[in-house]
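The values are calculated or read from the model by the stated rules, or taken from the named source; none is laboratory data. Because the structure is predicted, anything quoted here is derived from the model rather than measured. Cβ coordinates were reconstructed from backbone atoms using ideal geometry, including for glycine residues, and neighbour counts include every protein chain displayed. Heads up: the accessible areas ignore ligands, DNA and RNA and are worked out on the full protein's heavy atoms, side chains in. Shrake-Rupley method; radii C 1.70, N 1.55, O 1.52, S 1.80 Å.
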Amino acid sequence: MDDVFKKIVQTMNETVLKDINFNEKNQENVRQTIHKRNKKSFHVKHKLNYFLPTVITLLFFLGTSYFIINELKILSREEKITGLNKNNEAILQEPKIDPHLYTPPEQKESYEEMTKKDVVAKLLNTVDYFHTASGKFEEYSLFYDDSVSTSIIEYKLSLKNEIGGYEKVTTLFDEKVMGFKESIQEYIYNNEKLWSKESLNKTYQVQDYQSEPTREVVTPEEAFSIKLKDVYKENPKFREQPHITASGTSLFPYEITSRYLRNMEHWEIEKQNEELLGHNTIVLFGKMDGQVVERMKMKGTTDTFRFWVDKDTGILMKYETYDKDGKLTSYLHPERLDVNIPIDPQTFVPNLDGYHLPINTRKKVNIDPREVDIEVVDYADDIKEDTEDVLDLLRKDIPFLYEFTHSKLSLFSAGYEKYKTYKQAYLTYIFENESQVIYVRAYHKDSVIRTLSDFNREKGEQLEKFTLNGIEWSGYEITDLLGAHFIGMKGDYKYEVVSQDISLQDTKELLKSFKPSNDHKKQ
């Protein structure tokens, strides 16, 4: 115990008392002061002589305790004394961290000068430069037909240790057109399962999930060798990325990098260092490629772009595109980005309260094992030029092909498949808005077709039969959503037309414009 108090006295002398010079003169002043005070207070009861030493002793211990707490930081660090070492010094134990909460290494901001090639290389390989990320941003696009898309994306992601991700996509609509303000979709995955939740119908789907194998580093030369029309197709030349799509634009910007930056002479480094939400970014500014504008269905006047790239991770934190007058035609604006922070693994397990499986998925669907022999010859979606190329191929190879010719239906995707010698056609049309869709497929009655949820929804009772444009049709209402399923026969060939968010009667009316492709050629 004596050693402990000696240690305290030594510490006080070296800290709070080190600047005090208590010489003989100081001591004499103290003795005189005490003598005078004793004369003045002699009339106080004798028992005070016992009380004062007690108070002084108590104050001493309180002061000493306060000193120990503050100078040695015993309580503020929440450390525990587990014993004394050979020098009689306290052995302190650091507070324990929850073993279930992975703590990534601290991310440090980079301020090094970067070349164009450095920036592109990091944008194409972001998966190597961070462990976890959490953020929120808004994405806006103005398309060639003056339609607008606005989405708010929130996400949490872990690439190491506790593998998993959460993404919430809130899409905003014109309520007068759609009848509702927003649609919310959530995607959650861990190292075993992948869930998707849809807010409007309160439905969810679940499937087994396995992360993609690690791929080698991608160089700018490799990325830019991919043809523009193939950039958004599944491409093994790009690095792996988790099953999150909307937030991937920012976290894994492989495709947008390959499209916007492929011509090094069309863009420049505008600023080497610019602070954005606590991150140091490099700013790029360049000229848009006309083919990119057309293929992405952007506003035709889009002329230039600007990127804000996080220097240490390559994450595309922010981007903007502008028309010739400098007005925004699209953007990704971040609200927050936190890199390499602990994320609770419970984030990667969905809350399914109030949600249910779609009716058509509650019953097990028997998949024909012969489907493995189906070959996808060609497929394209969204990009008008690519879709029309596939459609031209279908018109050439499939003589029994029918198409919709209604002015309010626009082709969204086209697919060409084969089962042995049998040829199959798949077409998807958008009606008045993106939620109103018509799916079409045509094939030989003896062919094996793929099991697709769009064509396998639970049907109600069979309605009237009728013949239209040479096809004998049977109609069914779909039980789990607004829509209809028409099945038609013409000789040895079968046609299926499925509508989504379009009534049976309106779908039947649209069928009047479902005509042979030969008629389309004549027009």
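May I ask you to say which residue of Gly415, Gly491 is among the small types (Gly, Ala, Ser), over 26 Å from Lys202 (Cα atoms) and out of contact with any strand residue (DSSP E or B) (no Cβ under 7 Å at 6 or more places or on another chain)?
Of the residues listed, the single one that is among the small types (Gly, Ala, Ser), over 26 Å from Lys202 (Cα atoms) and out of contact with any strand residue (DSSP E or B) (no Cβ under 7 Å at 6 or more places or on another chain) is Gly491.
Which condition does Ser147 not pass, out of (1) at pLDDT 90 or above; (2) of a type in the set (Gly, Ala, Ser); (3) open to solvent by 20 Å² or more (accessible area, probe 1.4 Å), if it passes all the others?
(1)
If only one of Tyr422, Tyr495, Tyr439 is open to solvent by less than 10 Å² (accessible area, probe 1.4 Å) and aromatic (Phe, Trp, Tyr), which one is it?
Details: Tyr422 fails: open to solvent by less than 10 Å² (accessible area, probe 1.4 Å); Tyr439 fails: open to solvent by less than 10 Å² (accessible area, probe 1.4 Å).
Of the residues listed, the single one that is open to solvent by less than 10 Å² (accessible area, probe 1.4 Å) and aromatic (Phe, Trp, Tyr) is Tyr495.
Looking only at residues that are surrounded by 16 or more Cβ atoms within 10 Å (Cβ to Cβ) and more than 22 Å from Asp492 (Cα to Cα) in region 425-436, which one is nearest to the chain's Cα centre (by Cα)?
For region 425-436, the residue satisfying everything is Ser435.
When only residues in region 442-485 that are acidic (Asp, Glu) and part of a loop (DSSP other than H, G, I, E, B) count, which is most open to solvent (accessible area, probe 1.4 Å)? Talk me through it step by step, then tell me what you get.
Kept after step one, since they are acidic (Asp, Glu), are these residues of region 442-485: 446, 454, 458, 461, 464, 472, 477, 480.
Now narrow it down to the ones that are part of a loop (DSSP other than H, G, I, E, B): 446, 458, 480.
Numbers: Asp446: 85, Glu458: 62, Asp480: 40 Å².
Out of the qualifying residues, it is Asp446.
If you scan region 342-369, which residues turn out to be over 33 Å from the mean Cα position of the chain (by Cα) and modelled with pLDDT of 90 or more?
none
Being closer than 14 Å to Tyr140 by Cα, open to solvent by 30 Å² or more (accessible area, probe 1.4 Å) and not β-branched (Val, Ile, Thr), is that true of even one residue in region 308-323? Working first, answer last.
Going through region 308-323, the residues closer than 14 Å to Tyr140 by Cα turn out to be 318-322.
Pick out the ones that are also open to solvent by 30 Å² or more (accessible area, probe 1.4 Å) and you get 318.
The next check asks that each one be not β-branched (Val, Ile, Thr); those that pass are 318.
Yes: region 308-323 contains one or more residues that are closer than 14 Å to Tyr140 by Cα, open to solvent by 30 Å² or more (accessible area, probe 1.4 Å) and not β-branched (Val, Ile, Thr).
Return yes or no: is Val218 at negative phi, over 19 Å from the mean Cα position of the chain (by Cα), surrounded by 14 or more Cβ atoms within 10 Å (Cβ to Cβ) and among the β-branched types (Val, Ile, Thr)?
Values: at negative phi: yes; over 19 Å from the mean Cα position of the chain (by Cα): yes; surrounded by 14 or more Cβ atoms within 10 Å (Cβ to Cβ): yes; among the β-branched types (Val, Ile, Thr): yes.
So Val218 fits the description; yes.
What tally of residues in region 307-325 results from selecting those that are farther than 14 Å from Asp118 by Cα, assigned to a loop (DSSP other than H, G, I, E, B) and among the basic types (Lys, Arg)?
Matching residues across region 307-325 total 1.
Looking at region 244-268 only, could you name the residues that are more than 25 Å from Tyr166 (Cα to Cα) and open to solvent by 50 Å² or more (accessible area, probe 1.4 Å)? Before you say what the answer is, go through the steps one by one.
At the first step, the residues of region 244-268 found to be more than 25 Å from Tyr166 (Cα to Cα) are 258-268.
Arg262, Asn263, Met264, Glu265, His266, Glu268 - these are the residues of region 244-268 that are more than 25 Å from Tyr166 (Cα to Cα) and open to solvent by 50 Å² or more (accessible area, probe 1.4 Å).
Quick one: how many residues across region 383-422 are in a loop (DSSP other than H, G, I, E, B) and charged (D, E, K, R)? Full working, then the answer.
Initially, region 383-422 is screened for residues in a loop (DSSP other than H, G, I, E, B), giving 383, 398-401, 405-409, 420-421.
Narrowing further to those that are charged (D, E, K, R): 408, 420.
Residues in region 383-422 being in a loop (DSSP other than H, G, I, E, B) and charged (D, E, K, R): 2 in total.
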